[in-house]
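**Student:** Here it is, the structure in full.
The values are calculated or read from the model by the stated rules, or taken from the named source; none is laboratory data. Computed from a predicted model, the values in this text were never measured in an experiment. Ideal geometry is used to build each Cβ from the backbone, glycine not excepted, and the neighbour counts take in all protein chains shown. Areas reflect the complete protein model, heavy atoms only, side chains present, ligands, DNA and RNA absent. Shrake-Rupley method; radii C 1.70, N 1.55, O 1.52, S 1.80 Å.
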Amino acid sequence: MNKDTAIRYVVDAKGTPQGVFIEEEMWQHVCRHVLSVVEKLYPSEDPIVEPMADLQLLEKYWDLRYELPTDVSCETCGSTTEDWKGDEPRKFMLRAANMGGLLAFQCVGCKSRITKRHFKDKVTVTCTPQVVCSCD
């Protein structure tokens, strides 16, 4: 790792800053501080606001031959439900929905991201575990 490649700034076509990539080795040195700042700026007590209007729009214009599935499963921790909206307490929170048939959820238990992509003849599901700081 050298200092010129450890941190890479991301800009759009106009040169406007969009974000930063930090190499894994560098992340191990700064993660504790960065995560503590993030926790202060975005306390975990804040409720997750689900994009229900986006989901309702998808449901309104749903035109595939099968019903929009309501089941969600987390491969990381094994949590599962047949109806994510009906659970009390909720096991999964809706994080994204769009007209292209994408639904993304966050597992309440382990914070993994479950992404369901609905196509004309199939549904694909991916589960991405939450990245955890291992800088202890």
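**Student:** Could you give each residue of the range 120-127 its phi-based ³J(HN,Hα) in whole Hz, using Karplus coefficients 6.51, -1.76, 1.60 with θ = phi - 60°, and x for Gly or Pro?
**Tutor:** Ordered by residue, 3J(HN,Hα) equals 3, 10, 6, 10, 9, 10, 10, 10 Hz.
**Student:** Follow-up question, since we're still on this one. If I model a spin label as a point 7 Å beyond the Cα along the Cα-Cβ vector, how far apart are those points for Thr124 and Val37 in nm?
**Tutor:** 3.6
**Student:** Along the Cα→Cβ direction, 7 angstrom out, place labels at Thr16 and Lys111. What is the inter-label distance in nm?
**Tutor:** 3.0
**Student:** Using +1 on the beta carbon of Lys and Arg, -1 on that of Asp and Glu, and nothing else charged, what's the dipole of the range 51-136 about the Cα centre, debye to 20?
**Tutor:** Charge dipole of the range 51-136: 260 debye, to the nearest 20.
**Student:** Express in Å², to the nearest 10, the accessible area of Lys116 obtained by rolling a 1.4 Å probe over the protein heavy atoms while all chains stay in place.
**Tutor:** Here the residue's solvent-accessible area equals roughly 10 Å².
**Student:** Show Val49, Val30 ordered by accessible area, largest first, where the area counts protein heavy atoms only and the probe is 1.4 Å.
**Tutor:** Val49, Val30
**Student:** How large is the accessible surface of Met99 in square angstrom, using a 1.4 angstrom probe and rounding to the nearest 10?
**Tutor:** Result for Met99: roughly 100 Å² accessible.
**Student:** I would also like to ask the following. Name the shape class, rounded, prolate or oblate, that the alpha-carbon gyration tensor gives for the chain, where a ≥ b ≥ c are the square roots of its eigenvalues, rounded holds for a/c under 1.5, and otherwise prolate holds if a/b is larger than b/c and oblate otherwise.
**Tutor:** It comes out prolate by the Cα gyration axes.
**Student:** Just order 69-76, 103-110 by mean Cβ neighbour count inside 10 Å, highest at the front, would you?
**Tutor:** 103-110, 69-76
**Student:** Can you give the helix-only mean residue ellipticity at 222 nm for the chain, where every DSSP H stretch with n ≥ 4 adds -39500 (n - 2.57) and the sum goes over all residues, rounded to the nearest 500 deg cm²/dmol?
**Tutor:** Calculated from helices alone, the mean residue ellipticity at 222 nm is -7000 deg cm²/dmol.
**Student:** Using only protein heavy atoms and a 1.4 Å probe, report how much of Arg32 is accessible, in Å² to the nearest 10.
**Tutor:** Arg32 exposes around 140 Å² with every protein chain in place.
**Student:** Springs between alpha-carbon pairs under 10 angstrom, Gaussian network model over the chain: which of Gly19, Gly100, Gly78 fluctuates most?
**Tutor:** The residue that fluctuates most here is Gly19.
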